[in-house]
Amino acid sequence: MTKILIFGATGYIGKQIANLLVQSGQYTVYGVARDEAKAQKLAQQEIIPVISEDPFANPEAVVSIVRNRHIDVVLDVATSPDTHKILTELSRIGAERLESYKRRGIQGPKLGFVYCSGTWVHGSSSTDLVNDLDPVGPLASRPPPALVAWRLELEDAILQASDSLDVMIVRPSLVYGREGAIWSSFFTPVLEAAKSGFEGSVEILLEEDSKPGLVHVDDVASGFVKAIEKLPWVAGARIYPVFNLVTSQESMRGIFDALAGCWGFKGKIELKGHGGNRFAEGMSTSFRGSSARAQQILGWQPTRTNGYVSDMDIFAAAWVAQKSV
């Protein structure tokens, strides 16, 4: 079976991807965990844990797993700026493998590397339709939010590593569903106000006119599984290996109005702007995007397409349930 090593396997997106890979029966999945407790959670899901307190500070120790256990694909959903260090080590191992094949007179497969970026690198756009072939960075008309500006250089480095690795970059839009971890700091004040019967104004650090692109975490997971399946073919066909994942564009005001309705909050939710908070600025990024290439080339078929607002009662209840675990 194909062997996958996942950085970020215990995180919001990573654990959904890891579980889906295991359930397919086609992969042996290794997951990096920072401590024994997280390693136990991986093992319970039939994911082989690799314990490292800080894998990005000591990449040689973790990446040695790639060599010693003959990993086929490394998946990075940890979204760390230090991925550069991991990429350097993987490129070296990939080059060693290719040289080994050459000495034996065979043409073996490259080591694969799939990276989770995000559509925020496109900057904020609520009117112009954006796809994954559009330039990002200095050539683009819209700068990315400060929180993710570092990803531009990293994406370039990943694409340039294609001599020794089969590479792919997958960019999910703003993710929702299940425990909805990314929304917690914004949802919590509304829930607390609703529980207390407060009927005044709750201020949230988000932009009133934001219209983010959205995608359910289940569809993100299936997108990454498709990316892994298609990785050798995309690389061999020299197809531009960058794919956006988005299923809807909805207003931030609509999201919070729906949330207030679910919890019976009778006060006012004031979306007062990001106020210099870099995470809130990123969350407020508007995105009108297309995933046509992911569907056509990767065969990605999203199934959670009703949207965030329409099923907010389900998503709000799931988020509350997760808080009590």
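Brief remarks on what is shown
- Taking the criterion of being within 16 Å of the chain's Cα centre (by Cα) and either part of a helix (DSSP H, G or I) or among the aromatic types (Phe, Trp, Tyr) (or both), the only residue of region 122-143 that qualifies is His122.
- When residues in region 278-319 are screened for being of a type in the set (Val, Ile, Thr) and exposed (fewer than 15 other Cβ atoms within 10 Å of the Cβ), 3 of them pass.
- Qualifying residues in region 1-21 (those that are assigned to a helix (DSSP H, G or I) and crowded, with 19+ Cβ neighbours inside 10 Å) - the one farthest from the chain's Cα centre (by Cα): Leu21
- Residue in region 86-121 that is farthest from Gln249 (Cα to Cα), counting only those that are surrounded by 13 or more Cβ atoms within 10 Å (Cβ to Cβ) and of a type in the set (Ser, Thr, Tyr): Tyr101
- Condition met for Thr79 (at positive phi and in contact (Cβ under 8 Å) with a residue 12 or more places away in the chain): yes
- Sole residue being in contact (Cβ under 8 Å) with a residue 24 or more places away in the chain and out of contact with any Phe, Trp or Tyr (no Cβ under 9 Å at 6 or more places or on another chain), chosen from Ala33, Ala43: Ala33
- When region 95-152 is filtered for residues that are out of contact with any strand residue (DSSP E or B) (no Cβ under 7 Å at 6 or more places or on another chain) and among the basic types (Lys, Arg), the ones remaining, listed by number, are Lys102, Arg103, Arg104, Arg151.
- Candidates are the residues of region 58-78 that are surrounded by fewer than 19 Cβ atoms within 10 Å (Cβ to Cβ) and in contact with a helix residue (DSSP H, G or I) (Cβ under 8 Å, 6 or more places away or on another chain); the one that is nearest to Ala18 (Cα to Cα) is Arg67.
- Scan of region 284-304 for residues that are hydroxyl-bearing (Ser, Thr, Tyr) and at pLDDT 95 or above, ordered by number: Ser284, Thr285, Ser286, Ser291, Thr303
- Residues within region 79-114 that are over 18 Å from Ile17 (Cβ atoms) and not in a loop (DSSP other than H, G, I, E, B), tallied: 21
- In region 122-130 there is at least one residue matching the filter, namely being in contact with a Pro (Cβ under 9 Å, 6 or more places away or on another chain), farther than 24 Å from Gln296 by Cβ, of a type in the set (S, T, N, Q) and surrounded by 19 or more Cβ atoms within 10 Å (Cβ to Cβ).
- Residue satisfying all of: in region 236-277; under 24 Å from the mean Cα position of the chain (by Cα) and farther than 27 Å from Val320 by Cβ; surrounded by the most Cβ atoms within 10 Å (Cβ to Cβ) among these: Asn244
- Scan of region 30-47 for residues that are surrounded by fewer than 18 Cβ atoms within 10 Å (Cβ to Cβ) and of a type in the set (A, V, I, L, M, F, W, C), ordered by number: Ala37, Ala43
The values are calculated or read from the model by the stated rules, or taken from the named source; none is laboratory data. Because the structure is a prediction, the values reported are computed rather than measured. Virtual Cβ from ideal backbone geometry, glycine too; neighbours counted across all protein chains shown.
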